[in-house]
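Below: the structure, in structure tokens.
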Amino acid sequence: MSEQRGASQWRLETSLVHAGERAAAPQATPSATPIYNATTYLYPSLEELDTAFATGEGYLYTRYGNPTVAAFEAAVTAVEVGRGAVAYGSGMAALHAALLAACTPRGETAPRPRCLLAARDLYGSTTVLLDELFAARGATVVFADLCDLAVVETALAEHQPEVMIVEQISNPLLRVVDVAGLAVRCRAAGTRLVVDSTIATPVLQRPLTLGADLVVHSATKYLGGHGDAAGGIVAARTGLLHANLVRQSRLLGASLGPFEAQQLHRGLKTLALRVERQCASAAQVAHFLDAHPAVAQVNYPGLPAHPAHALATESFGGRFGGLVSFVLRGGGAAVRPFVNRLTLFLPATTLGDIYSLVSVPALASHRELNPAQRAERGIADGLVRLSIGIEAPDDLVADLALALGG
Ligand code: PLP
């Protein structure tokens, strides 16, 4: 029997590659999950590797699962009270995956999108996703005002969709849907309910506990919260839907990387602190704008004039989210000077950060829609969206007051 050669007999080139690697994991448990940036995992024998493949237990290859990503998925599963979650490289990848999983008939593995019922004022790219990746491939996509339960009932009866998709608080008009009311009606119709909870966050509402089937987050926004990591995640109410997500994510390959998973998981820990502060400051900003003569209209569920103020008060425990949108009395022509005069609000095409941000939906989130589609969705040229950060609210109001003038 030949003797095994050890590290001390390796030549320089071999030592450079292998020396110092693959020490046994420490016996003590680290307080925060380390970043596991290995793409593959080793087993002591081929038999054990074979067992890991056969049972699906244990880590094999990072697209199939990664301990840092799994820690983030476990945290979101717990927070959303689901049966499992799968993380992706962006919110759009998460939405695509959620829609495919929801369109997979029970007992089958392949998605078969037939008919999807979608809220009319979804995030712009979600609308384009539905049009270009679902409708253009033969599925029927029906857009309707899903804030109105009478419209919902008619649409469910007429189209019998297999999936309904909504945002609890829509972006950027901040309309509010009744998730519990939708879930009851979807259940009765055999329709799966997908809720994009990016803006409401689990601090305001947890859709799975109200009967939704899948909850989606662009973790790039509030979950991460610091403007330094992109990602998305879907949590499932049932084991079956979670299994659909897992199987399909291995094929789609849009997995979250371990570095981003660690950053997003760290962000998640302060979500409640940040969102509470952002909601309180947003309320102060909304009341200020509502009283300002240069502002024609303010969209904020916390204002008594908002059409769903009563529903929002009941659903979100007295918080109304960290976004405020409003229409400048001067229309599209007034937008540029206003935005250019702001100094604290950063002009950026994202939301949910610790920094306060300003964006113009017609130029950013909804620019892929044509003017007729924008008008149909109520996206005026003078519409401005603010994402309130964690700065002192008085400073934010002072910045807005200067930019608005008068
Ligand atoms: N859902 C909502 C409500 C969003 O606002 C966004 C992005 O702005 C997305 C999904 C897409 O997320 P991502 O940019 O992480 O792909």
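Figures for the structure shown
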read-out: Length added when fully stretched, residue 290-residue 112, from 0.36 nm per residue minus Cα-Cα; value: 59.4 nm
read-out: The chain: angle of helix 393-404 to the longest principal axis, Cα-based, in degrees nearest 10; value: 50 degrees
read-out: Descending semi-axes in whole angstrom, ellipsoid equivalent of the range 271-404, from the Cα gyration tensor; value: 22, 18, 15
read-out: Label-to-label distance, nm, for residues given as residue 310 and residue 368 (7 Å Cα→Cβ offset); value: 3.8 nm
read-out: Surface per residue (accessible, 1.4 Å probe) for the chain, Å²; value: 46 Å²
read-out: Pair residue 376, residue 226: separation of 7 Å Cα→Cβ label points (nm); value: 4.2 nm
read-out: Table column - 3J(HN,Hα) (Hz), the range 109-124, Karplus curve with 6.51, -1.76, 1.60, x for Gly and Pro; value: 10, 9, x, 9, x, 10, 8, 10, 9, 10, 5, 6, 10, 6, 3, x
read-out: Antiparallel bridges, percent of DSSP beta bridges restricted to the range 62-268 (to nearest 5); value: 45 percent
read-out: Stretchable slack from residue 398 to residue 38, in nm (0.36 nm times residue separation minus alpha-carbon distance); value: 124.7 nm
read-out: Ellipticity estimate at 222 nm from DSSP helix runs (n ≥ 4, -39,500 (n - 2.57)) divided over the chain, nearest 500; value: -11500 deg cm²/dmol
read-out: Packing rank of 366-372, 342-348, 162-168, where each peptide gets the mean count of other beta carbons within 10 Å, highest leading; value: 162-168, 342-348, 366-372
read-out: Net charge of Cβ neighbours under 15 Å - reference residue 356; Lys, Arg +1; Asp, Glu -1; value: 0
read-out: Length added when fully stretched, residue 78-residue 280, from 0.36 nm per residue minus Cα-Cα; value: 70.1 nm
read-out: The range 271-404 - percent relative contact order, Cα under 8 Å, separation 6 or more; value: 29 percent
read-out: Ordering of 88-94, 240-246, 319-325 by packing [mean C-beta count within 10 Å, highest first]; value: 319-325, 88-94, 240-246
read-out: P(r) of the chain over all Cα-Cα pairs, binned every 20 Å from zero, in whole percent; value: 26, 51, 18, 4, 0
read-out: Length-normalised contact order for the range 62-268 - Cα pairs under 8 Å, 6+ apart - percent; value: 31 percent
read-out: Burial order of peptide ranges 109-120, 307-318 (average beta-carbon count within 10 Å, highest first); value: 109-120, 307-318
read-out: Whole-Hz ³J(HN,Hα) from phi, Karplus 6.51 cos²θ - 1.76 cosθ + 1.60, for the range 278-283, glycine and proline x; value: 5, 5, 5, 5, 4, 4
read-out: In degrees, nearest ten, helix 239-252 long axis to first principal axis of the chain (Cα); value: 80 degrees
read-out: Over the chain, relative contact order from alpha-carbon pairs under 8 Å, at least 6 apart, %; value: 16 percent
read-out: Apportionment of accessible area to carbon and sulfur, the range 1-121, percent (1.4 Å); value: 54 percent
read-out: Per residue, the convex hull volume that the Cα atoms of the range 62-268 enclose (Å³); value: 101 Å³
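The values are calculated or read from the model by the stated rules, or taken from the named source; none is laboratory data. Remember, it's a predicted structure, so these values are computed and weren't measured experimentally. Cβ: placed from backbone, ideal geometry, glycine included. Neighbour counts: every protein chain shown. Surface areas here come from the heavy atoms of the whole protein model, side chains and all, with no ligands, DNA or RNA. Shrake-Rupley method; radii C 1.70, N 1.55, O 1.52, S 1.80 Å.
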